[in-house]
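Asker: I'd like to ask you about the structure that follows.
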Amino acid sequence: MSESYQSFEAVVMGLSMGGLDALTVMIPRFPKNFGMPVIVVQHRRSDPDSFLSLYLDTLGEISVKEAEDKETIRPGIVYIAPADYHLMVEEDRTFSLSVDAPVQYARPSIDILFETAAEAYLDRLVGVIMTGANADGRDGLAKIKALGGRCIVQDPSTATSDTMPRSAMEAIQPDHVVPLEKIVDLLIDIDHLGTGRTNRNHKQIS
C-alpha cells in the first residue's frame, strides 16, 4: 500500500515543558469530526486533578477527557493521561493504568504509551513528539517507526524546549518535521487520506 493512502487508526502525542501552551494552540484546530482518537501524555505535577482535561475541553469542538482504566478507546476524542499513572494501550484497544516506577523520571511516560500503542495498532499508528526538556518519547517513537507507523516531530525551532524533538530526530528519520501551528493540519490530512472523507467541515483557525 502506498504511504499516501495508508489508513491510520490512532494518534499518540508526547509533550513536556511548554506542552500546555502547545496544546492550547492545537486543541481548537481539531474539527469535531476528527476520525481518530488522540492519546496524549503531558508531563505534569503528580497531584491528581482533572484541571488539564477540563480546561482543554473548553477550547474547541473536539471532546477532551482524562483517560480511565479499562476504557474503550473511541475516535474523535482527545484523551489525556492522568497525573502520576503510566497510560498503556491494550491489544483490545482499551486503556490500562499503572503505578510502576517512573521512566525517564516521568510518570506518565511517553515511551510506555507509545510502545504499547505501537504493539496494539502496528502500522496504523501516528506518533507525535513535541516540546520537552528530556528524551522521553525517543524510544517509543522509534518503535512506532519500526512497526510501520507514521512519525511526526515538532520543528525544534517552534518548541519552548527543543531537547525532546531533537532527541527524537537523532534516534530516527521522522516522516514529517512540522511547526507547531501546522501539526493539526497535517493530522487532519492524514485522517482524510485514511478515511476518504473531505475536509469541508474543517474548522478554520486564523
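Asker: What is the stretch 1-93's relative contact order, in percent, from Cα pairs under 8 angstrom and six or more apart in sequence?
Answerer: 30
Asker: Taking just the C-alpha trace of the chain, give me its Rg and Dmax in Å.
Answerer: Final numbers for Rg and Dmax: 15.2, 45 Å.
Asker: Okay, next question. May I ask for the net charge around Ala118, where only other residues with Cβ less than 14 Å from the Cβ of Ala118 are counted and Lys, Arg are +1 while Asp, Glu are -1? Display every interim value, and only then the final one.
Answerer: Working: positive: Arg93, Arg124, Arg138, Lys143, Lys145, Arg150; negative: Glu9, Glu90, Glu91, Asp111, Glu115, Glu119, Asp123, Asp139.
My count for the surroundings of Ala118 gives -2.
Asker: How long is the gain from Glu170 to Leu147 if the chain were fully straight, where each residue apart is worth 0.36 nm and the alpha carbon distance is subtracted?
Answerer: 6.5 nm
Asker: Would you work out if the stretch 55-143 is rounded, prolate or oblate? Take a ≥ b ≥ c from the square roots of the eigenvalues of the alpha-carbon gyration tensor; rounded if a/c is under 1.5, else prolate when a/b is larger than b/c, oblate otherwise. Walk me through the numbers before you get to the answer.
Answerer: Numbers: a/c = 1.34, a/b = 1.20, b/c = 1.12.
It is rounded, given that a/c, with a ≥ b ≥ c, falls under 1.5.
Asker: Count the net charge of all other residues whose Cβ sits under 12 Å from the Cβ of Ile144, scoring Lys and Arg as +1 and Asp and Glu as -1.
Answerer: Local charge sum for Ile144: -1.
Asker: How do the peptides 103-113, 163-173 rank, highest first, by the average count of neighbouring beta carbon atoms within 10 Å per residue?
Answerer: On the way: 103-113: 23.1, 163-173: 20.0.
By packing density, highest mean first, the sequence is 103-113, 163-173.
Asker: Ok, one more. Could you give me the ³J(HN,Hα) list for the stretch 175-186, computed from phi with Karplus coefficients 6.51, -1.76, 1.60 and θ = phi - 60°, whole Hz, x at Gly and Pro?
Answerer: Once rounded to whole Hz, the list reads 6, 8, 10, 10, x, 3, 5, 10, 5, 5, 4, 5.
Asker: Further question on the same structure: State in Å² the accessible area per residue of the chain; use a 1.4 Å probe, count heavy atoms of protein chains only, and round to the nearest integer.
Answerer: Heavy-atom accessible area per residue stands at 44 Å².
Asker: I would also like to ask the following. Helix-derived [θ] at 222 nm for the chain: sum -39500 (n - 2.57) over DSSP H runs of at least 4, divide by residue count, nearest 500?
Answerer: Calculated mean residue ellipticity at 222 nm is -8000 deg cm²/dmol.
Asker: A follow-up question, please. May I ask you to list the lysines whose Cα is less than 18 Å away from that of Lys182, ignoring any residue fewer than eight positions away on the same chain?
Answerer: Answer for Lys182, where 18 Å is the Cα cut-off: Lys32, Lys203, listed by chain and number.
Asker: Rounded to the nearest 0.05, what FRET efficiency do His192 and Glu61 have when you use their Cβ-Cβ distance and R0 = 22 Å?
Answerer: Given R0 = 22 Å and the Cβ-Cβ separation, E is 0.85.
Asker: I would also like to ask the following. Which of rounded, prolate or oblate describes the stretch 97-145 when judged by the alpha-carbon gyration tensor and an a/c cut-off of 1.5?
Answerer: It is oblate, given that a/c is not under 1.5 and a/b is not larger than b/c.
Asker: Now for a different question. What is the sum of charges, Lys and Arg at +1 and Asp and Glu at -1, for the other residues whose Cβ falls under 13 Å from the Cβ of Ile183? Walk me through the numbers on the way to the answer.
Answerer: Numbers: positive: Arg29, Arg150, Lys182; negative: Asp155, Asp175, Glu181, Asp185, Asp189, Asp191.
Once all neighbours under 13 Å are counted, the net charge is -3.
Asker: Which whole-number percentage describes the relative contact order of the chain, with Cα contacts under 8 Å and a sequence gap of 6 or more?
Answerer: Details: 487 pairs, mean separation 47.6, N = 206.
So the answer I get is 23 percent.
The values are calculated or read from the model by the stated rules, or taken from the named source; none is laboratory data. Everything quoted here is computed from the prediction, not taken from an experiment. So basically every Cβ, Gly included, is an ideal-geometry build from the backbone, and we count neighbours across all protein chains shown. Keep in mind that these areas ignore ligands, DNA and RNA; they rest on the heavy atoms of the full protein, side chains included. Shrake-Rupley method; radii C 1.70, N 1.55, O 1.52, S 1.80 Å.
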